[in-house]
Amino acid sequence: MVVEHTEALEYDLMTTTSFTLDDLGGRLSFRALSSFVKRLPKTSETWQELNPEYAEFATWESSAIIPQLLATISDQLNWLMWLYSSTNSTKKQPKPKPLKRPGVKETTKRYGKDPIPISEFNDWWDNN
């Protein structure tokens, strides 16, 4: 391990275990530290510092992406069920609403529901 990455290694040790580099040679053996470094996940700070060109792949191993992927899959399945039921029914089916994504704020802009006269639209278009 190069000295320039000790801060990232210290962070990974502190957040993953109860050790720090000050414990090396005492409570933390060199063999245990070596095993720890060899088995670091791609989401660790040390791995990302040592492999900056592959740091974006760490996102795919993160536990934060799983809820996003499940919500997307659920939305796609709901749309497929809606499409199937709409084509095989004479009744109008309500469109599915997307699941709220964890950690994502909803930022939908609403400009109104009624159409505006063309003269007002031209003024609005010219000013925007």
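The values are calculated or read from the model by the stated rules, or taken from the named source; none is laboratory data. Keep in mind the model is a prediction, meaning the values are calculated, not measured. Cβ coordinates were reconstructed from backbone atoms using ideal geometry, including for glycine residues, and neighbour counts include every protein chain displayed. Note: areas computed on protein heavy atoms with side chains; ligands, DNA, RNA excluded. Shrake-Rupley method; radii C 1.70, N 1.55, O 1.52, S 1.80 Å.
Given the options Thr20, Thr90, Thr59, which has the most mean-square fluctuation in a GNM of the chain, springs set between C-alpha atoms less than 10 angstrom apart?
Taking springs between Cα atoms under 10 Å, the residue moving most is Thr90.
Between Lys42 and Gln93, take the C-beta separation as r, use R0 = 30 Å, and let me know the FRET efficiency to the nearest 0.05.
Working: r = 43 Å, r/R0 = 1.42.
Step by step, r from the Cβ atoms, then E = 0.10.
Mind giving me the nanometre distance, one decimal, between the label points for Ala55 and Glu120, set 7 Å out from Cα along Cα→Cβ?
Between Ala55 and Glu120, the label points sit 5.0 nm apart.
Taking the chain as a Gaussian network, Cα atoms linked when under 10 Å apart, which of Ser74, Ser89, Ser35 shows the biggest mean-square fluctuation?
Ser89
Stretch Ser62-Glu7 to full length: gain in nm at 0.36 nm per residue minus the Cα-Cα span? Mind showing how you got there, number by number?
On the way: separation 55, 0.36 × 55 = 19.80 nm, distance 2.12 nm.
Once the chain is fully extended between Ser62 and Glu7, it gains 17.7 nm.
What do you get for trypsin sites (Lys or Arg not before Pro) in the range 17-59 restricted to DSSP loop and a cutoff of at most 12 other Cβ within 10 Å of the site's Cβ? Present the calculation step by step, with values, prior to reporting the outcome.
Details: sites: Arg27, Arg31, Lys38, Arg39, Lys42; in loops: Arg27, Arg39, Lys42.
The qualifying sites are Arg27, Arg39.
With a 1.4 Å probe and all protein chains left in place, how much accessible area per residue does the chain have, in Å²?
On the way: 10990 Å² over 128 residues.
Result: 86 Å² per residue.
Convert each backbone phi in the range 117-122 into a coupling constant with the Karplus relation 6.51 cos²θ - 1.76 cosθ + 1.60 (shift: θ = phi - 60°), then list the ³J(HN,Hα) values in order as whole Hz, x for Gly and Pro.
Listing the rounded values in order: x, 4, 5, 6, 5, 4 Hz.
At 222 nm, what value in deg cm²/dmol follows for the chain if DSSP H runs of at least 4 each add -39500 (n - 2.57) and the sum is divided by all its residues, to the nearest 500?
Details: 5 runs with 59 residues, N = 128.
That comes out to -14000 deg cm²/dmol.
Carbon and sulfur together cover what percent of the accessible area of the chain at a 1.4 Å probe radius?
Numbers: 6280 of 10990 Å².
Answer for the chain: carbon and sulfur cover 57 percent of the accessible area.
Could you compute Rg(Cα) / (2.2 N^0.38 Å) for the range 56-128, with N its residue count?
Values: Rg = 19.4 Å, N = 73, 2.2 N^0.38 = 11.2 Å.
Expressed relative to 2.2 N^0.38 Å, the Cα Rg reads 1.73.
Among (i) 15.9, 46; (ii) 20.9, 67; (iii) 26.3, 80, which is the computed Rg and Dmax of the Cα atoms in Å?
Matching the structure shown: (iii).
Please identify the chymotrypsin sites (Phe, Trp or Tyr not before Pro) of the range 74-128 that satisfy two criteria: DSSP loop assignment and at most 13 other Cβ atoms within 10 Å. Which are they?
On the way: sites: Trp79, Trp82, Tyr84, Tyr111, Phe121, Trp124, Trp125; in loops: Tyr111.
Passing both the DSSP loop test and the Cβ count: Tyr111.
Taking springs between alpha-carbon atoms closer than 10 angstrom, which of Lys105, Lys113, Lys97 fluctuates most in the Gaussian network model of the chain?
Looking only at Lys105, Lys113, Lys97, the largest GNM fluctuation is found for Lys113.
Just the Cα atoms of the range 35-75, one point each, no solvent: what log10 I(q)/I(0) does Debye give at q = 0.16, 0.18, 0.27 Å⁻¹?
Evaluating at q = 0.16, 0.18, 0.27 Å⁻¹ gives log10 I(q)/I(0) of -0.48, -0.56, -0.86.
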